[in-house]
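Quick notes on the structure that follows.
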Amino acid sequence: MSSSEQAESSSAALRQPLSDVDSDQVPWVEKYRPIRLDDVVGNPDTVERLKIIARDGNMPHLIISGMPGIGKTTSVLCLARQLLGTADLVKQAVLELNASDERGVDVVRSRIKTFAQKHVSLPPGRHKIVILDEADSMTAAAQQALRRTMEVYASTTRFAFACNQANKIIEPLQSRCAILRFAKLTDAQVATRLKQVADAETVHVTDAGMAALIYTADGDMRQAINNLQAAAAGFGTALVTDANVFAIVDSPHPAAVQAMLVACHNADLDSALTVLRDQLWARGYSAVDIITTMFRVTKSLDAVNEYTRMEYIREIGFTHMRILDGVATLLQLSGCLAKLVAASSSSSTSIK
């Protein structure tokens with residue numbers, strides 16, 4: 001199959017509704033949620049391990065860790081569909097709980113244990129599956145209560161823990177599970193899926209708009225698709241631009257922040273302060289949003305050398321800490337810019 005045919009096939013697959021609900025009433029992040037492991041974007045090595053489990057059928061207890069929005073829970077649901085086969089079996093044999101809402105000992109002793117005891121007719125070699133999303137939010141007592149349940153009902157029920165930080169799962173549970181780690185999605189992977197969704201929804205995204213979507217998502221596919229839908233719907237147009245995206249996410253435009261940092265590098269404090277006051281602070285952006293964007297832009301700022309970049313990051317980090325302590329004022333940000341100008345001057349002197 002040629003690359004163009006594969007693209008058409010992917011676009012056609014995306015247009016398939018995932019439920020009986022009117023597809024126009026479903027958020028795009030659910031409408032285009034993968035239903036098979038082959039559709040999952042990114043982490044090919046980890047997804048390949050899940051495909052082997054789906055093929056062999058003997059699913060171990062799993063811990064899947066990684067940042068939000070990169071497909072952890074979706075991958076487990078895809079695995080459950082491929083293991084169990086039919087929608088009816090998935091409905092009967094899969095229990096999905098969000099551990100951040102239901103994370104106490106009572107849930108483990110009631111809902112989870114009751115589900116583990118329930119008899120469901122499954123194909124040979126298949127098991128019921130308990131999916132605990134945000135499992136790192138479970139209390140230590142609830143995690144301890146799971147130990148015995150996992151052992152007693154291991155012949156009929158398998159557990160999958162999706163979490164942001166695997167080290168917050170107690171060691172007795174970690175030792176009972178295979179640990180899979182999902183990495184942050186690359187810009188190319190996010191862009192490919194966004195183009196597929198945009199084509200399926202007949203939304204035109206400019207090159208600058210696509211770059212803005214990728215920048216604001218920072219590897220989070222769910223955030224990227226939500227921002228795409230919000231930008232397309234919020235302005236009542238089928239054209240998504242970078243201005244639309246940054247207005248929707250209410251985030252400072254990185255071009256303005258970059259101009260401010262370049263002015264600092266050129267020891268032009270007055271110009272930097274003008275950008276800060278007129279293009280950022282006067283438009284209502286919070287100090288946290290401004291300093292966070294400054295940090296992200298500094299990491300990829302070509303105008304400065306590596307030594308100056310490290311000095312910038314150090315000063316921005318200290319300012320961020322003070323802002324989080326409650327001193328979120330224009331004066332605090334202005335002082336940060338003055339220190340960046342001083343850092344540029346000292347670095348140029350030391351290099352000479």
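The values are calculated or read from the model by the stated rules, or taken from the named source; none is laboratory data. Small disclaimer: the values here were computed from a predicted structure and weren't measured. Don't worry about glycine lacking a Cβ; one is built from the backbone with ideal geometry, like all the others, and counts go over all protein chains shown. Protein only, heavy atoms only, side chains kept; ligands, DNA and RNA dropped before computing areas. Shrake-Rupley method; radii C 1.70, N 1.55, O 1.52, S 1.80 Å.
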Q. Distance in nm between label sites at PHE235 and MET321, each 7 Å beyond Cα in the beta-carbon direction?
A. 4.0 nm
Q: Per DSSP H run of at least 4 residues, take -39500 (n - 2.57); add these up for the chain, divide by its residues and hand me the 222 nm value, nearest 500 deg cm²/dmol.
A: -16500 deg cm²/dmol
Q) So what is Rg over Rh here for region 297-351, counting just Cα atoms and using Kirkwood for Rh? A) 1.01
Q: Give the ranking of TYR285, TYR307, TYR32 by solvent-accessible surface, highest area first, calculated with a 1.4 Å probe.
A: TYR307, TYR285, TYR32
Q: With just the Cα atoms of the chain, tell me how far they stretch along each of the three principal axes, in Å, largest first.
A: 73, 48, 35
**Q.** Surface share of carbon and sulfur [accessible, 1.4 angstrom probe, percent] for the chain
**A.** 50 percent
Q | Above-threshold pairs, the threshold being 30 Å between Cα atoms, out of LYS51/LYS91; LYS51/LYS195; LYS31/LYS299; LYS195/LYS339; LYS31/LYS128 | A | LYS31/LYS299; LYS195/LYS339
Q) What whole number of Å gives the distance from the Cα centroid of region 76-97 to the Cα centroid of region 284-331? A) 45 Å
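What is the diffusion coefficient of region 207-309 in µm²/s, taking the Kirkwood radius over Cα pairs and the Stokes-Einstein relation at 4 °C with a viscosity of 1.567 mPa s? Walk me through the numbers on the way to the answer.
Values: Rh = 14.5 Å.
The diffusion coefficient I find is 89 µm²/s.
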Q. What net charge is computed for the residues neighbouring THR149, neighbours being all others with C-beta under 10 Å from the C-beta of THR149, Lys and Arg scored +1, Asp and Glu -1?
A. +3
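Rounding to the nearest 20 debye, state how big the charge dipole of region 164-283 is about its Cα centre with +1 on each Lys and Arg Cβ and -1 on each Asp and Glu Cβ. Before the final figure, lay out each step's value.
Values: 9 positive and 12 negative charges, 116 e Å.
That gives a dipole near 560 debye.
Taking only protein heavy atoms into account and a 1.4 Å probe, give the accessible area per residue of the chain in Å². Don't skip to the end; give the middle numbers.
Values: 17470 Å² over 352 residues.
On a per-residue basis, the chain sits at 50 Å².
May I ask you to list, by number, the DSSP H helices of the chain whose Cα span along the axis is at least 24 Å and whose average Kyte-Doolittle hydropathy reaches 1.0 or more? Please list the in-between numbers first.
Details: long enough: 306-324 (27 Å, -0.41); 330-351 (32 Å, 0.98).
Span-like helices, by this rule, are absent here.
Under the definition of Cα pairs under 8 Å and six or more residues apart, what whole-number percent is the relative contact order of the chain?
It rounds to 15 percent for the chain.
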Q) If R0 is 22 Å, what FRET efficiency do you get for THR329 and ALA267 from their C-beta distance, rounded to 0.05? A) 0.40
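Stokes-Einstein D for region 70-177 at 10 °C, 1.306 mPa s, Kirkwood Rh over Cα pairs, in µm²/s? Please list the in-between numbers first.
Numbers: Rh = 14.0 Å.
Answer from the Stokes-Einstein relation: 113 µm²/s.
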**Q.** Unit charges on C-beta of K, R, D, E only; dipole of the chain, Debye
**A.** 1420 debye
Q: Round to the nearest 0.05 the FRET efficiency obtained for GLN25 and ALA87 when R0 = 22 Å and r is the Cβ-Cβ distance.
A: 0.65
